[in-house]
Amino acid sequence: MFSTAFLDLPALQGASGTVTLPGSKSISNRVLLLAALCQGTTVVHDLLDSDDTRVMLNALRQLGCGVEVAGTTVTITGLGGQLKHQDAIAFFMGNAGTAMRPLTAALAVLGGDFTLSGVPRMHERPIGDLVDALRALGCSIDYLGHDGFPPLHIGPPSLKVDAPIQVRGDVSSQFLTALLMALPLAAKEQDIVIEVVGELISKPYIDITLNLLARFGIAVQREGWQRFTLPAGSRYQSPGTIHVEADASSASYFIALGAIATGDGIRIQGVGADSIQGDIRFMDAAAQMGATITSGPNWLAIQRGAWPLKGITLDCNHIPDAAMTLGVMALYADKPTTLRNIASWRVKETDRIVAMATECRKLGATVEEGPDWITVHPLQQGQWKAASIHTYDDHRVAMCFSLAAFNADQIPVRLEDPKCVAKTFPDYFEALFSVAHARPQDIPVICIDGPTASGKGTLASRVAAALGYHYLDSGALYRVTAYAALQAGLTLEAVDEARIADLARTLPVRFEGDTVWLGQADVSDAIRTEQAGMNASKVSVLPAVRTALVALQHSFQRLPGLLADGRDMGTVIFPDAPLKVFLTASAAQRAERRHKQLISKGISTTLDSLRADLEARDARDSSRSVAPLKAAQEAYQLDNSLLSIEASVDQVLTWWQAKQPF
Ligand code: C5P
């Protein structure tokens, strides 16, 4: 997951490959609650691991349900319609509407002493229509802040279910879903009837609810979309095991990707055209805009068809979430695209009509908007603008706008707060980067070269963490090479040059956080000693060894970018890097830092011997015939003798920012 302040997407060119999508948020949270309300144990496979499901799982634990998590399989032991204890419980629902609404209804019907609150945005998301319906049913619910909005307090109910229960259907279909899932708890002796007042929006989500209720033993009778009857004697029954489909709304970004990007096409694993999720109908809209889509059981394959895409006008009531993706596809169309009947966008994680309009305009597009519609005009080559996209703590805004990186002007796109995708798809960007391609010259590399113990490693890895970039510690490659050579019984001298180079060419080295693996062996500590540094310095003067390591070093240049530290990153390995830093510190300072480091690891040495070692290595590194240690001509010099690490990081980030178009 990217938890950086922003993520810069380089201009992307094409895409090909397979993505496996995480489980559907809507299905995951419904299944969790249904399993909690059952008697007995339900094993849930392929559950989405996200902020919203974590909110729900926490709430279920607080209620006394058994919750066992093993990867994406979660075993829930239900309450059987009875609360285990009657203590007051305070639930924190974050910004998870799919947890807040159904839990409110279930808890109100069960009765107890509960408070439900969330993040500030949750306290702006309406819940009044659901509360009105529950109050009419005899539930005890009070508003703790503003009328009509969370936070709420729930007390014990005195249920009366003889008259039909009315609920508005035109603000959020989650209200009806919440009632449908809570009322089986009350349908003991008589039928319970729910009547929808006004036009029901987002009907496909009700279909998901009905489908899952049926899996849990509740056969709802439906008359049109107006009247729903829960038959007397309804009782939740666990299906034992249930699989969660991949999220069809998440699929929309990869369907759009396949439609926009050149390449061999995209295959999506985990959801097919026969999905129970309404958002799967996004594929029809994408096909109308030009995508070529085929499907089988649990998979979709997408290829670019018409290009440019075709602008369309579409009633999006049936695909409210996925429709946002059409808004960004519209930028690549031949004429304007109008998305109609999207009033629900205004009460989602953010006002999505405002968000889409504002951010598309930042990219240079003309956008018109009304109370429940938006028109997005396409952008031609030469019209795209570099933009820093605000994401409003809305996962879908972030995922949609990542698709702007395919723009015809090859301009990078900055996404603010990329971690907001965690709501439904924590590894969205990893999935995107696993299939998207960029031209090598568009994948940024920042080089930090300098002498031994100048602090390159710390600086480079901190800057990498701040930007969400990969990190190459090239010194470690020389250290591992020397280590492997000694293990193989070779000397580190010119006589063994060819054999060391052979080893280096196929070095089975892997970096995992701070751990360095050579094949199956963890060599992290072995390569960090002073002696290992000296040995590295010896093999690094051998030209054939340096050449053998070039391809391996280049392979670290991957999306979204790279921080590379060493001696010749800017001069030899990445000569076209857009930012090069030459980091120095006085020999006295470097010796002192290294001394502290070693002492803290319990290794005893003297300052004088360390300084002598450093100077010997500097002399060898600077005087060797190939790739000697020296600053690239255009490198920024940074002497950090007197700077804190934070100040050095800020300096590099400031230089980097000055080169960005945002
Ligand atoms: O940076 P570090 O101390 O881990 O590097 C170990 C040795 O590897 C250096 O002293 C240098 O001789 C060699 N090296 C190199 N080129 C690089 C990185 C390291 O020659 N890019």
Exercise for the section: In Å³ and rounded to a whole number, note down the convex hull volume per residue for the Cα atoms of the chain. Expected result: 174
Exercise for the section: Pop out the ³J(HN,Hα) list for segment 176-192 in order, Karplus 6.51 cos²θ - 1.76 cosθ + 1.60 with θ = phi - 60°, rounded to Hz; leave Gly and Pro as x. Expected result: 5, 4, 4, 5, 4, 7, 8, 6, x, 5, 10, 7, 7, 9, 9, 4, 10
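Using the beta-carbon distance between S641 and A488 and R0 = 51 Å, what value does 1/(1 + (r/R0)^6) give for FRET efficiency, to the nearest 0.05? Each step should come with its number before you reach the end.
Values: r = 40 Å, r/R0 = 0.78.
That pair, S641 with A488, gives E of 0.80.
Please state the relative contact order of segment 441-658 as a whole percent: Cα pairs under 8 Å, 6+ residues apart?
Values: 336 pairs, mean separation 72.7, N = 218.
Reported relative contact order: 33 percent.
Quick one: which of 126-138, 70-82 comes out on top by average Cβ neighbours within 10 Å, and what's the full order, highest first?
Taking the mean over residues of other Cβ atoms within 10 Å, the ranking is 126-138, 70-82.
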Problem - Karplus-derived 3J(HN,Hα), 6.51/-1.76/1.60, for each residue of segment 104-121, Hz, glycine and proline x - result: 4, 5, 5, 5, 5, 6, 5, x, x, 10, 10, 10, 10, 9, x, 6, x, 4
Problem - For segment 45-116, the Rg and Dmax computed from alpha carbons only, in angstrom - result: 12.1, 33
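Restricting to DSSP H runs of at least four residues, report the calculated mean residue ellipticity at 222 nm for the chain, -39500 (n - 2.57) per run over all residues, nearest 500 deg cm²/dmol.
Values: 21 runs with 227 residues, N = 662.
Helix contribution divided over all residues of the chain: -10500 deg cm²/dmol.
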Fill in the blank from the handout: Relative contact order of segment 506-620 (C-alpha contacts under 8 Å, at least 6 apart) in percent is 13
Completion exercise
Reported to the nearest 10 Å², R340 has, with a 1.4 Å probe, an accessible area equal to 110
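Compute, for segment 3-113, the length of the dipole vector about the Cα centre, with Cβ point charges of +1 (Lys, Arg) and -1 (Asp, Glu) only. Units Debye, rounded to 20.
Result for segment 3-113 is approximately 240 debye, rounded to the nearest 20.
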Completion exercise
Over the chain, with neighbouring protein chains present, the accessible area per residue in Å² at probe 1.4 Å is 38
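Please give the FRET efficiency for S555 paired with N341, using the beta carbon to beta carbon distance and R0 = 45 Å, rounded to the nearest 0.05.
On the way: r = 48 Å, r/R0 = 1.08.
Efficiency for this residue pair is about 0.40.
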Fill in the blank from the handout: Residues whose built amide H sits under 5 Å from the amide H of F6, excluding neighbours closer than 5 in sequence, are D417
Practice task
Could you give the spread of the C-alpha atoms of segment 533-662 along their three principal axes, from largest to smallest, in whole angstroms?
Solution key: 48, 38, 26
Exercise for the section: On the protein heavy atoms, probe 1.4 angstrom, tell me the percent of accessible surface of the chain carried by carbon and sulfur. Expected result: 51
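Averaged across orientations, what area in nm² does the convex hull of the alpha carbons in segment 277-410 project? Write down the numbers at each step before the final one.
Working: hull surface 30.7 nm².
The orientation-averaged projected area of the Cα hull of segment 277-410 comes to 7.7 nm².
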Exercise for the section: Pairs to check: K362/K580; K160/K188; K456/K630; K419/K580; K456/K580. Give those whose C-alpha atoms are more than 19 Å from each other in this structure. Expected result: K362/K580; K419/K580
Exercise for the section: Would you pull out the residues with amide H under 5 Å of I448's amide H, same chain only if 5 or more places away, H placed 1.01 Å from N? Expected result: A564, D565, G566, V581
Completion exercise
Residues whose built amide H sits under 5 Å from the amide H of Y471, excluding neighbours closer than 5 in sequence, are L563
Problem - Longest to shortest principal axis, alpha-carbon extents of segment 441-658, angstrom - result: 49, 42, 34
Handout entry: Stretch gain in nm, segment T292-E430, where the contour uses 0.36 nm per residue and the Cα spacing is subtracted
Key = 47.2 nm
Exercise for the section: Run the quick spin-label model on D608 and S140: label points 7 Å from Cα toward the beta carbon, then report their separation in nm to one decimal. Expected result: 8.3
Completion exercise
Once both label points are put 7 Å beyond Cα along the C-beta direction, the A232-W517 separation in nm becomes 6.3
Practice task
Using Cα pairs closer than 8 Å and at least 6 residues apart in sequence, work out the relative contact order for the chain, in percent.
Solution key: 13
Fill in the blank from the handout: So, with points 7 Å from each Cα along the Cβ direction, the L598-A5 label distance in nm works out to 3.8
Problem - 21 Å Cα-Cα reach of K310 towards lysines, excluding residues that sit fewer than 8 places from it in its own chain - result: K335
Handout entry: In Hz, Karplus ³J(HN,Hα) per residue of segment 479-493 (6.51, -1.76, 1.60; θ = phi - 60°; x = Gly, Pro)
Key = 5, 5, 4, 4, 4, 5, 5, 5, 4, 7, x, 8, 8, 9, 9
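Based on the mean of other Cβ atoms within 10 Å per residue, sort peptides 351-360, 473-482 so the most packed one is first. Display every interim value, and only then the final one.
Numbers: 351-360: 21.7, 473-482: 24.2.
The most tightly packed comes first, giving 473-482, 351-360.
With +1 assigned to the C-beta of every Lys and Arg and -1 to the C-beta of every Asp and Glu, and no other charges, what is the dipole magnitude of the chain about the Cα centre in debye, to the nearest 20? The partial results should precede the final answer.
Working: 57 positive and 68 negative charges, 131 e Å.
Using Cβ point charges on Lys, Arg, Asp and Glu, the chain gives about 640 debye.
About its Cα centre, how strong a charge dipole does segment 441-658 have in debye, to the nearest 20, once Lys and Arg get +1 and Asp and Glu get -1 at the Cβ?
Values: 22 positive and 25 negative charges, 36 e Å.
So the magnitude is around 180 debye.
Length gain on complete extension for the stretch V197 to Q383, per 0.36 nm per residue less the alpha carbon to alpha carbon distance? Please list the in-between numbers first.
Working: separation 186, 0.36 × 186 = 66.96 nm, distance 4.63 nm.
So the extension gain works out to 62.3 nm.
Which of the peptides 386-399, 540-553 is most tightly packed, and how do the rest follow, judged by the mean count of other Cβ atoms within 10 Å per residue? Please list the in-between numbers first.
Values: 386-399: 23.8, 540-553: 18.9.
Ranked from most to least packed, the peptides come out as 386-399, 540-553.
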Fill in the blank from the handout: Rounded to the nearest 10 Å², the 1.4 Å probe accessible area of L47 is 10
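Using the scaling law 2.2 N^0.38 Å as the reference, what is the normalised Cα Rg of segment 125-253?
Working: Rg = 15.4 Å, N = 129, 2.2 N^0.38 = 13.9 Å.
Normalised Cα radius of gyration, segment 125-253: 1.10.
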Fill in the blank from the handout: In nanometres, the difference between 0.36 nm per residue of separation and the alpha-carbon distance of W655 and T529 is 42.1 nm
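The values are calculated or read from the model by the stated rules, or taken from the named source; none is laboratory data. Every value quoted in this text rests on a predicted model; they were computed, and no experiment measured them. Neighbour counts run over all protein chains shown; Cβ positions are idealised from the backbone, glycine included. Each accessible area value is taken on the protein alone, full model and side chains, heavy atoms only, with ligands, DNA and RNA left out. Shrake-Rupley method; radii C 1.70, N 1.55, O 1.52, S 1.80 Å.
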